[in-house]
Amino acid sequence: MRNRNFRILEYDKIIEQLSTFASSNITKKRCIKLHPYSNLKDIERMQEETEAALMRLYRFGNLSFAGITDIRPLLHVAKLEGTLNTREMLDIARLLEIVDAAKSYTSDSKTSDKLLETDCIEHFFDDLEPINDLLNEIRRIIVSVDEIADDASPALKSIRKNVVLTNSKIRSELNKIVTNPNNQTMLQEALVTQRNGRFCIPIRAEYKNSFPGMIHDQSSTGSTIFIEPMAVVNLNNDLAELAIKEQAEIAAILKELTKRVNYDEELILANYEILIELDFIFARARFAKSYDGTRPEFNDKGIIDIKKARHPLLDKKTVVPIDINLGGDFTMLIITGPNTGGKTVSLKTLGLFTLMGESGLHIPAAEGSRLSLFDRVYADIGDEQSIELSLSTFSSHMTNIVRILKAATNKSLVLFDELGGGTDPTEGAALAIAILSHLHKLGAHIAATTHYSELKVFALSSDGVENACCEFNVETLQPTYKLLIGVPGKSNAFAISKKLGLPESIIEAAKSEIDETSMDFEKLLSDLEENRVTLDEERQKAEELRKEIEELRAEAKETNADINKRKDKILKKAREEAKDIIEKAKSTADESIRLYNKWSTNPEKASNKAMEYERTHLRKELNKLDNQLIEKPKKKKKTNTNHSFSEGDYVYIESMGLEGYITSEPDKKGDCYVQAGILKTLANTADLTLTDAPKEEKASPTRHAVKQLELRTSVKTELNLLGKTVDEAISVLDKYLDDAYLARLNTVTIIHGKGTGALRSAVQDYLKHQKTVKSFRSGEYGEGDAGVTVVEFK
């Protein structure tokens, strides 16, 4: 019965296709014998192996196992101290070459993607053991099935060398005989041939007694006698003896090679078993790749949720994907719809996917599809493509149904096609409801197709039972092959008949023959179908709108990221420019101070004209630098500080020094977007000021530097850092060194104390990187010892 169910659901065709992806004959046979597993752990293991191999195929290409033969009988011969022939030796060599290829394949995989080191089939590759010494020896000795290399052994090389020399002597002697003018009348032809492995010359029959030699053969007419001349008999004997020695030496070589095979018998057998297992796994993966298969998620709770399912035996370019679910809110599905609308295909897809999944095969469906483990899948599907014509009668169907009812359990999946068909509709519908009710109470999962309206009502009125239908387009008179779960199928007989031209009067007469309740039910189904189509259209529009919003959101996010990047770049550039300007100001001030110090120490070299020139030059340089830092006039701020900001307001961003306008209403935190030229930035209202007039000029950093310059004449020669943290001390030290250097102090003392030495180390490390510092040292006795550092400027 199980095999019959496999044929009905066309599982046998699936495993036949699977076998074509296996490389070795033994793996092909294993594929043909593949049956669904009954243990969830075994199923998960098989699925995981298939997935791991499929991932490798997609990332690293195919791994071929072609050429593997069953070498177990050969190993048995070697174990019994027999001798393997050249063909058998080459089979062993081919196996070892595939081991090398597989080892290289996984090595390349590890190099390319370290994630693959932990997949579930990696241990197979790790367990492979190349036997390169044996492989190289076989390839060195055996050139082909019919040829042993001359260098296989020194003895064989010597024998073959003597064979060549003997052959040369024989041909030389025969050539003399053939070309001798005295022999021309006796020769049938002037050539040398072989008979029974001996070199002979064709002699006319009438001269056979006149030509000395041994007769080996004659032509069919008897006119030609093939004679071995006496002059080469001994040489031919030598050649035959060499041939015997050659075969004996080859046998000895193969014997020795067989011993080496027997020595590595355990490793060879282990490699063989691993390769056969890998061939089986990769056959499943290659098969899955051929139909874009995915790994289903398995459970043992009877839940099936298949998304975008495509029957693997139909053309994947034209097949319409369907969604099937069962076992959640309902455990029975009643499918209705027109003939050739896809009901049977939906039923077969459900059963076939379950069998494929339980066999470790991936299914042609979308990611995230779920399947359940069942103890058996039973099917009564009466199409001519899968069962004999004799099973299309009501009695044959009922016989099969009886067998199913006896065997089914609460862990079974049962599939019925046109249940109750082939008999009186009233009785057939009653039988169908009774059979389905029995299985439903048993706890089995059921899917059934029907044309009976009574079954639609049964589904609507029963708990755990759901209607479904295969959609039909009345306008085109064609099925769409879409399975709609939750919607009972309506009869389209009248609509189709009208479309095909049946007179309206006949259609109306037919309607009058149907009771009012049935007509109301069909009208209800029609209304449901119209509502469903409308809902589908609205859902599609909503989905398109959602996708558009997501795209706009992603685009806005990308644009904002780009703006922030450009903003950071602008701010960085501005800081660098400001730093350069301040450095120039310091440099100008330093140079002026040096001149004034020089004049103060040598008054005779100073002149009012030179000093006035230098003062004017300094003022020009400072004004020039100052102008570079002065911001452009901004609009004056409005005085209303309590203003509630809103979209469209023109504002000034205090932290950035930019004007712009608000493009979104502030949120509860006061955050809003502001467009400032090409920049769009997120700002808080606390950082914004309404503006419609130029902004007051900020104080110039250069002017501030000039004021500081006036104060540096009073800089002390020591700096006390006691009680400060390292960060605080370095900040104070940085400013003090600048002031001291500008004040032209030669040496200063930094007081940091002894303590743990952390502050002293930080200070001295900082001094190492200051360009203005010529040298520094710890204090001597009387200066403060290690509690101070004395700094000398350049």
Per-residue accessible area, 1.4 Å probe, largest first, puts V790, V674 in the order V790, V674
Measure of exposure for D119: accessible area at 1.4 Å probe, Å² rounded to 10, is 30
Reported to the nearest 10 Å², M46 has, with a 1.4 Å probe, an accessible area equal to 0
The extension gain from T399 to A190, computed as 0.36 nm times the residue separation minus the Cα-Cα distance, is 66.7 nm
Taking a label point 7 Å from the Cα of E256 along Cα-to-Cβ, the residues of the range 134-177 whose backbone nitrogen sits under 12 Å from it are 141, 151-157
Once both label points are put 7 Å beyond Cα along the C-beta direction, the T20-S168 separation in nm becomes 5.7
With 0.36 nm assigned to each residue of separation and the Cα-Cα distance removed, D315 to I570 gains 85.9 nm
Once I303, I159, I662 are ranked on solvent-accessible area with the largest value leading and a 1.4 Å probe, the list reads I303, I159, I662
With a Förster distance of 51 angstrom and the Cβ-Cβ distance between K208 and K79, calculated FRET efficiency to the nearest 0.05 equals 0.35
Looks like the range 1-57, by Cα gyration tensor root eigenvalues a ≥ b ≥ c and the a/c under 1.5 rounded cutoff (else prolate when a/b is bigger than b/c, oblate otherwise), is oblate
note: the range 1-155, Cα-Cα separations exceeding 21 Å make up a percent value of 61
Of K348, K541, ordered by accessible area with the largest first and a 1.4 Å probe, the sequence is K541, K348
In this structure, among K567/K680; K307/K456; K724/K774, pairs with alpha-carbon gaps over 18 Å are K307/K456; K724/K774
FRET efficiency for T559 and H769 from the Cβ-Cβ distance with R0 = 45 Å, rounded to 0.05, comes out at 0.60
Residue separation between E577 and E508 times 0.36 nm, minus their alpha-carbon distance, gives in nm 15.7 nm
Taking a crude spin-label model, label points 7 Å out from Cα along the C-beta direction, the T725 to S223 distance in nm is 12.3
Averaged per residue, the 1.4 Å probe accessible area of the range 1-109, protein heavy atoms only, in Å², is roughly 48
Simple SL model, points at 7 angstrom along Cα→Cβ for R87 and A155; separation in nm is 2.7
Rounded to the nearest 0.05, FRET efficiency between R4 and L535 (Cβ-Cβ, R0 35 Å) equals 0.25
In whole Hz, the Karplus estimates of ³J(HN,Hα) for the range 666-677 (6.51, -1.76, 1.60; θ = phi - 60°; x where Gly or Pro) are x, 8, 4, 7, x, 7, 7, 8, 10, 8, 10, x
Here the net charge surrounding G67, from other residues whose Cβ is less than 10 Å away from its Cβ (Lys, Arg +1; Asp, Glu -1), is -1
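The values are calculated or read from the model by the stated rules, or taken from the named source; none is laboratory data. Computed from a prediction, not measured in an experiment: that's the story for all the values here. Counting neighbours? That spans all protein chains shown, and the Cβs are built from the backbone with ideal geometry, glycine included. Heads up: the accessible areas ignore ligands, DNA and RNA and are worked out on the full protein's heavy atoms, side chains in. Shrake-Rupley method; radii C 1.70, N 1.55, O 1.52, S 1.80 Å.
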